[in-house]
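This report refers to the structure that appears directly beneath it.
The values are calculated or read from the model by the stated rules, or taken from the named source; none is laboratory data. Not measured: the values here are computed from a predicted model. Positions of Cβ are generated from backbone atoms using ideal geometry, with glycine treated the same way; all protein chains shown enter the neighbour counts.
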Amino acid sequence: MKKIFVLNGSRQKKGNTATFIKRITERLDEDVFEVEYAHPQDYKIAPCLGCSKCFLNTKCVSDDDLEKLQKKILESDVFIIASPVYMHYMTADLKLIIDKLSWWAHTFRLQGKPVVILSTCCSNGHGTVISPLSKLITHMGGNVIAGSNAAQEPDQLKNEEWMEEVSSEIASRIRKYAFIPHDSNEDIEMVFKYTRPGFLKYREQLMKDEAMPKYEEYEYWNNTGMINFDTFEDYLKEKYKCEEVVV
């Protein structure tokens, strides 16, 4: 059974964004895919304190449900993240969750996981959600396999032909990527290329001075072996080379 975890930034469980998501997920065979939906009110997420402790020990100091949410995302085979457009951006609830995942952006924590990004809007504001979310997910090491917006003007949610075409295409990609090893893309490689040198430099300094503090971000790079690869693609191939590919 493949797991699909859906994080909807809207608190409206029967709103436009939820409708768009379910037109896609309802196309997935229930005997093959287990779909779980999450909304902001389902998890207690404390405000970010800006203390930067998560960069030092990869764990938030707040007593909230962040770790439970992280676990759901990481255990999924495909991650769907969505938001309506609020004031030309994603919802404040979703932005808070993203803020609390900051250290993931330095460690490629999603490790090539396939991600679908969705949004809904009144007219043409979808770029203010799809674009930033795509960049954030890319920095977290997520492989964005699809991104789409459903607008009210024109009313695409009620346009059966449009919904059929879009939902069918995205569901097809989910069925494909859920059964193959995690992969990279050009955008992730670009981020990897300019992120890795900083950790290589830190390793050199650490070898000269063992008394230097060992930051958890570096430890993650070192323990996973990412630091030893010139490309994220090569790292993922080595990591998942023993996995059976079923299409």
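Looking at (1) among the aliphatic types (A, V, I, L, M); (2) at pLDDT 95 or above; (3) part of a helix (DSSP H, G or I); (4) under 24 Å from GLY141 (Cα atoms), which is the only condition ALA82 fails?
Condition (3) is where ALA82 drops out.
Taking the condition part of a helix (DSSP H, G or I), surrounded by 14 or more Cβ atoms within 10 Å (Cβ to Cβ) and either in contact with a helix residue (DSSP H, G or I) (Cβ under 7 Å, 6 or more places away or on another chain) or of a type outside the set (A, V, I, L, M) (or both), does ASP64 pass?
In short, no.
Restricting attention to region 16-33, does a residue exist that is more than 21 Å from ILE180 (Cα to Cα), in a helix (DSSP H, G or I) and touching an Asp or Glu at 6+ places or on another chain (Cβ under 9 Å)?
yes
Please go through (1) more than 24 Å from LYS158 (Cβ to Cβ); (2) polar (S, T, N, Q); (3) under 19 Å from the mean Cα position of the chain (by Cα) for ASN8 and return the number of the only condition it doesn't satisfy.
It is condition (1) that ASN8 fails.
Inspect region 152-166 for any residue being crowded, with 19+ Cβ neighbours inside 10 Å, touching a Cys at 6+ places or on another chain (Cβ under 8 Å), without any contact (Cβ under 8 Å) to a residue 60 or more places away in the chain and in the same structural domain as VAL35 (by TED's automatic domain parsing) and give the result as yes or no.
So far as region 152-166 goes, no, none of its residues is crowded, with 19+ Cβ neighbours inside 10 Å, touching a Cys at 6+ places or on another chain (Cβ under 8 Å), without any contact (Cβ under 8 Å) to a residue 60 or more places away in the chain and in the same structural domain as VAL35 (by TED's automatic domain parsing).
Can you tell which of ILE130, ILE137 is in a helix (DSSP H, G or I) and touching a Ser or Thr at 6+ places or on another chain (Cβ under 7 Å)?
None of the others qualify; the one that does is ILE130.
Do you know which residues across region 116-127 are more than 16 Å from SER172 (Cβ to Cβ) and either in a strand (DSSP E or B) or aromatic (Phe, Trp, Tyr) (or both)?
Hits for region 116-127 are ILE117, SER119, THR120, CYS121.
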